[in-house]
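To start, the structure under review is shown below, and the notes come after it.
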Amino acid sequence: MIELHQSLAEIDWIARPRLTPLRRLGIETVEDLLTHFPRRHEDRREFSGFPQEESESPVCLCGEVTKTQLRRFGGWKKIFEATIEETGAHALSQPLVLRWFNLHYVQKMIATGQRLVVFGKPRRRGQRLCMDHPDFEVIENDDEISIHFRRITPIYSATEGVSQRVLRSVIYRLLENISSDSVATLLPRNFVEGARGEALHEIHFPESEAQLAAARQHLVFSEFFALQMTIAARRKRAKTRTGRAHSGKGKLEQKFLASLPFQLTAAQCRVIDEIRGDLETPQPMNRLLQGDVGSGKTVVAVAAMLRVVEAGFQVALMAPTQILAEQHYSVLCQWLDPLGVKLSLRTGARQDESFLPLLSGVDRPDIIIGTHALLYESVAFSGLGLVVIDEQHKFGVSQRALLTGREPAPDVLVMTATPIPRTLTMTLYGDLDVSVIDEMPPNRGRIITAVRDPEKLGEVLSFLRKQLEAGRQMYVIYPLIDESEKLDVKAAAAEFATWRERLAPFRCDLLHGRIPATEKQTIMDSFRSGKTSALVSTTVIEVGIDVPNATVMLIENAERFGLAQLHQLRGRIGRGEHKSYCVLLSSEKSTETMAKLAVLEKTSNGFEVAEADWNLRGPGDLLGTAQSGLPALKLGSLKEDVPLMLRARAAAVAIMERDPTLDEPENQRFRQLVVEEQGRTFANVS
């Protein structure tokens, strides 16, 4: 019998040439292949008649190839056409023309007289009904036709060298020969019926739609339960760590807040109270602070830092980039020098002089600001009481653990300006308490966003110059530093000279990640002081740059950026009292791009942008489970399967509350689900 953990290379009946393309799909073991779930199923038990008109929904059809031809356009462009007609009772239906553009291999696969199953959207092209680039499969009269035809048939993500038929045949044979003892059902009793082995068979080869739905529910719940067990164990472990209270009486905090030239919003005050409550208890704080771009998260974090400093502890503030770390250092120096708080800066490229006496002593810094450099052994802390991580999604879990996994445990505050839909928050950050600043400070200039075609650049330039003449400053953002032969995308370095000519006599500087640190700092200082009017840059300015007089942003090739990233970039303007303008240049007219950019025209609210991003492309790479240290989802949808996620969460929390070490006989089987951030399992699990 075959074992679930077994390598495919150990199975002699799998042809050796198949192993390499399977590895390209990330498949090396039996379990990898059996959890390579179908991306959809086609009901090939009985086909409906050929369509008579075009359709917005894809259809699955079966017909016989009656004609093929290769048509050439412009010397190198080729269209291969295959005409299929319906056989049997509906033989009088209109033929369907299948078309493939510049896909030469298709011509070798399809011949007259073959029977095809095709899947795609029929479109009216003149008098003909066509289907462009459909999924297709040649139906052969072989002994395994029952695997591929006359059934609800699985359709997989495939690759060159491994066809649908090969995947189906190998998976079918594995399922017929798998050892049932090696397929454990790691689910709490009374939550989902059935065994995992049965569900695996039925997700690939169901006998009915109801059976398929039941199998999917079982396997999705299994994925969610494993994920939620990891989260629940992480949260339970954090709550049992040794910590101490890190809160002074609040005199420094009161002086700081009184010195600010503005009033805090009600949301900021509420979050400060929530954090203060955490700092006053010995249980380590693990809190996520969400707030839109410009909502005032830094002020809230500084209030917490001062509580900790007043209690005699050090604070570490970690930022993802040198520019953001230096800006935090500059801002905090202005705010905290009058209070006598000692600050130090540590990045990979720069070490502030005040950082040198870092070890214990009279001159030790109270707050250490830095990038990943804070993770290295050369940085020693003396009584670390609070770790603040800005733009936390830029850091991996293992990186954060190097700073936070100390004994006694420091309090941890992670901040993000990328609003996260509730389901993702519950999933990716279920081990954290969550605070939300859902109110923007008053007297902020409104941001107007407009999408423009590059052909309108002349009009745009006229508008930009008027803004500079009025004393404002601007950003010009490009997706690349240098031009690429592979991508038809403009680049910052290549376009910089052009912008200097366009904007003369206004000063224009270039900024990107490869510029030396000292030069980068000089450029930013010049821009902050107003000496530089325009900054041509890459996304290096995506987070943390705060220049209130910068009120205009032009983003070239806006289609190349994600929706959340565009919102982050736009957040660099609208930080002062003046009205601000964001111009998105794009010649891309696809439905997806136009829908994405239209969201930014309609709203400046980051939470609304996040929900729209969710609706447009699903959770996908919105934050990524790799960054969260959680297992990836192969089947479940955080958007469509919320009820199952809630049930899995409730089950996992109940188990970990009752039996946090999973010692009860019933719960010991769940230990393999609970994986530490560094990849270690429970110490007594082999």
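Every read-out reported here was derived from the displayed coordinates using simple, explicitly stated rules and does not represent laboratory data. Since the structure is predicted, the reported quantities are computational estimates derived from the model, not experimental observations. Here the Cβ is made from the backbone with ideal geometry for all residues, glycine too, and neighbour counts use every protein chain on show.
So how do Ile515, Ile573 line up by other beta-carbon neighbours within 10 Å, fewest first?
By the 10 Å Cβ count, ascending, the order reads Ile515, Ile573.
Rg/Rh for the range 447-617 to two decimals, with Rh computed the Kirkwood way over all alpha-carbon pairs. If you can, show how the numbers build up before the last one.
Values: Rg = 15.3 Å, Rh = 16.2 Å.
In the range 447-617, Rg relative to Rh is 0.94.
Could you order peptides 213-225, 112-124 by the average number of other Cβ atoms within 10 Å of their residues, highest first?
Values: 213-225: 21.2, 112-124: 17.0.
Descending mean neighbour count gives 213-225, 112-124.
Taking a cut-off of 16 Å between Cα atoms, list the aspartates and glutamates near Lys249, but don't count ones fewer than 8 places away on the same chain.
Once the sequence-local aspartates and glutamates are set aside, what remains near Lys249 is Asp273, Glu274, Asp278, Glu280, Glu310.
Just the projected area, averaged over all directions, of the convex hull on the alpha carbon atoms of the range 110-253: how many nm²?
Working: hull surface 78.1 nm².
Seen from a random direction, the Cα hull of the range 110-253 projects 19.5 nm² on average.
Per residue, what volume in Å³ does the convex hull of the Cα atoms of the range 108-167 enclose? Could you put the intermediate results ahead of the total?
Details: hull volume 7.8 nm³, N = 60.
So the per-residue Cα hull volume is 130 Å³.
Ranked from highest to lowest mean number of other Cβ atoms within 10 Å per residue, what is the order of the peptides 256-269, 198-211?
Values: 256-269: 13.9, 198-211: 18.3.
Ranking the peptides 256-269, 198-211 by packing returns 198-211, 256-269.
Among the aspartates and glutamates, which fall within straight-line cross-link reach of Lys466, defined as a Cα-Cα distance under 12 Å, with same-chain neighbours fewer than 8 residues apart omitted?
none
Any idea what angle helix 266-279 forms with the longest principal axis of the chain, computed on alpha-carbon atoms, 0 to 90 degrees, nearest 10?
With rounding to tens, the tilt is 90 degrees.
Let me check I have the definition right: for the range 46-150, take the eigenvalues of the Cα gyration tensor, multiply each by 5, take square roots. What are those semi-axes in whole Å, largest first?
Details: eigenvalues 99, 64, 28 Å².
Whole-Å semi-axes of the equivalent ellipsoid: 22, 18, 12.
Of the listed pairs Lys77/Lys121; Lys255/Lys342; Lys456/Lys589, which have alpha-carbon separations greater than 18 Å here? Let's see the in-between values first.
Working: Lys77/Lys121 23 Å; Lys255/Lys342 16 Å; Lys456/Lys589 15 Å.
Flagged as over cut-off: Lys77/Lys121.
In deg cm²/dmol and to the nearest 500, what is the mean residue ellipticity at 222 nm of the chain if only DSSP H runs of at least 4 residues count, each as -39500 (n - 2.57), divided by the residue total? Mind dumping the intermediate values first?
Details: 21 runs with 236 residues, N = 686.
Taking each H run of at least 4 residues, the total per residue is -10500 deg cm²/dmol.
Percent of alpha carbon pairs in the range 430-513 separated by more than 14 Å? Don't skip to the answer; put the middle values down first.
On the way: 2653 of 3486 pairs.
Pairs farther apart than 14 Å: 76 percent.
Would you please give the FRET efficiency between Ile448 and Glu501, computed as 1/(1 + (r/R0)^6) with r the Cβ-Cβ distance and R0 = 25 Å, to the nearest 0.05? Walk me through the intermediate numbers first.
Numbers: r = 27 Å, r/R0 = 1.07.
Step by step, r from the Cβ atoms, then E = 0.40.
Rounding to the nearest 10 and keeping the result within 0 to 90°, find how far the Cα-based axis of helix 591-602 lies from the longest principal axis of the chain.
The helix 591-602 is inclined about 30 degrees to the chain.
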